[in-house]
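J.: Could you have a look at this structure, given as structure tokens, before my questions?
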Amino acid sequence: MNVNPKLRMTKQRQLILEELRKVKTHPTADDMYQILRKRMPKISLGTVYRNLEILSETGIIQKLEVGGTQKRFDADTSTHYHVRCAICGRVADLHLAPDMNVEKEAAKLTDFQILRHRLEFIGICPECKEH
Ligand code: ZN
Ligand code: MN
């Protein structure tokens with residue numbers, strides 16, 4: 001039987017997933033590389049990047065492509081909203097109950113089948129507000 005190689009959990013991929021699940025910071029591939037280097041000194045940025053892409057393609061993690069900035073990753077794949085700092089780019093969860101009705105309303109206005117929706121708030125984070 002042929003198993004899609006992307007669905008195979010290599011040891012590296014498992015470790016990347018483990019570390020991503022520990023943080024709530026929505027790290028970029030670079031951020032993850034800095035975290036992972038402590039546990040795997042030989043890992044390369046390319047490997048981290050590729051594995052994050054694969055994990056998000058298979059739906060195990062979520063990729064946040066927001067505001068034309070660096071891609072960020074989130075181990076929480078549930079529908080939830082984010083707020084992004086317009087100055088430093090930091091992304092945090094925003095615990096507003098997701099509006100599922102908006103998907104029904106959107107479906108009435110388009111031929112597209114609606115799969116999900118995203119909502120991003122833009123603000124200034126506490127650290128940036130101080131400076
Ligand atoms: Zn900020
Ligand atoms: Mn999140």
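The values are calculated or read from the model by the stated rules, or taken from the named source; none is laboratory data. Because the structure is predicted, anything quoted here is derived from the model rather than measured. Positions of Cβ are generated from backbone atoms using ideal geometry, with glycine treated the same way; all protein chains shown enter the neighbour counts. Remember, those area values only see protein heavy atoms, side chains included, never the ligands or the DNA or RNA. Shrake-Rupley method; radii C 1.70, N 1.55, O 1.52, S 1.80 Å.
J.: Within 10 Å of each candidate Cβ there may be at most 11 other Cβ atoms; applying that plus a DSSP loop requirement, which trypsin sites (Lys or Arg not before Pro) in segment 71-131 survive?
T.: Arg116
J.: Helix-only estimate, please: 222 nm mean residue ellipticity of the chain, summing -39500 (n - 2.57) across DSSP H runs of length 4 or more and dividing by its residues, to the nearest 500.
T.: After summing the helix terms and dividing by the residues of the chain, the value is -10000 deg cm²/dmol.
J.: Here's a follow-up. Could you pull out every residue, at least 5 positions away or on a different chain, whose amide H is within less than 5 Å of the one on Tyr81? Hs are placed 1.01 Å off N in the peptide plane, and Pro or chain starts have none.
T.: Under 5 Å from the amide H of Tyr81 lie the amide H atoms of Leu94, Leu96, each far enough along the sequence or on another chain.
J.: Next question, about the same structure. Kindly write out, for segment 96-113 in residue order, the coupling ³J(HN,Hα) from the Karplus curve 6.51 cos²θ - 1.76 cosθ + 1.60 (θ = phi - 60°), rounded to whole Hz, with x marking Gly and Pro.
T.: Running phi through 6.51 cos²θ - 1.76 cosθ + 1.60 with θ = phi - 60° gives 9, 4, x, 8, 6, 5, 4, 5, 5, 5, 5, 4, 6, 9, 8, 7, 5, 7 Hz.
J.: What's the carbon and sulfur percent of the chain's accessible surface, probe 1.4 angstrom, rounded to a whole number?
T.: About 54 percent, which is the carbon plus sulfur part of the accessible surface.
J.: Can you list the aspartates and glutamates whose alpha carbon sits under 16 Å from that of Lys24, skipping same-chain ones fewer than 8 residues off?
T.: Within the straight-line cut-off, Lys24 pairs with Asp74, Asp76, Asp93.
J.: Shifting gears a bit: Build a GNM of the chain with springs between Cα atoms under 10 Å: which of Thr25, Thr69, Thr47 gets the top mean-square fluctuation?
T.: Thr69
J.: Putting +1 on Lys and Arg Cβ atoms and -1 on Asp and Glu Cβ atoms, find which of Gly59, Leu115, Leu7 reaches farthest to the positive end of the dipole of the chain.
T.: Farthest towards the positive end: Leu7.
J.: Please work out the average accessible area per residue across segment 1-102, using the 1.4 Å probe convention, and give it in Å².
T.: 61 Å²
J.: With unit charges on the beta carbon (Lys/Arg positive, Asp/Glu negative), name the residue among Phe73, Val23, Thr47 whose Cα is farthest towards the positive pole of the charge dipole of the chain.
T.: Thr47
J.: Between Lys38 and His117, what FRET efficiency follows from the Cβ-Cβ distance if R0 is 41 Å, with the result rounded to 0.05?
T.: Efficiency computed from Cβ-Cβ geometry: 0.65.
J.: Size of the dipole of segment 81-130 about the Cα centre, Lys and Arg at +1 and Asp and Glu at -1 on the beta carbon, nothing else charged, in debye to 20?
T.: Its charge dipole is roughly 60 debye.
J.: Applying the Karplus parametrisation 6.51 cos²θ - 1.76 cosθ + 1.60 with θ = phi - 60° to the phi angles of segment 37-51, what ³J(HN,Hα) value in whole Hz is obtained for each residue in order, glycine and proline being reported as x?
T.: Result, rounded to whole Hz: 4, 5, 8, 10, x, 8, 5, 9, 4, x, 5, 4, 4, 4, 5.
J.: Report, in debye and to the nearest 20, how large the dipole of the chain comes out about its Cα centre when Lys and Arg carry +1 and Asp and Glu carry -1 on their Cβ.
T.: Charge dipole, the chain, about its Cα centre: 680 debye, nearest 20.
J.: Which entries in the list Lys11/Lys42; Lys38/Lys71; Lys11/Lys38; Lys63/Lys108; Lys22/Lys63 go over 18 Å, if you measure between the two C-alpha atoms of each?
T.: Those over the limit are Lys38/Lys71; Lys63/Lys108.
J.: May I pose another question? Given contacts defined as C-alpha pairs under 8 Å and at least six residues apart, what's the relative contact order of the chain, whole-number percent?
T.: 21 percent
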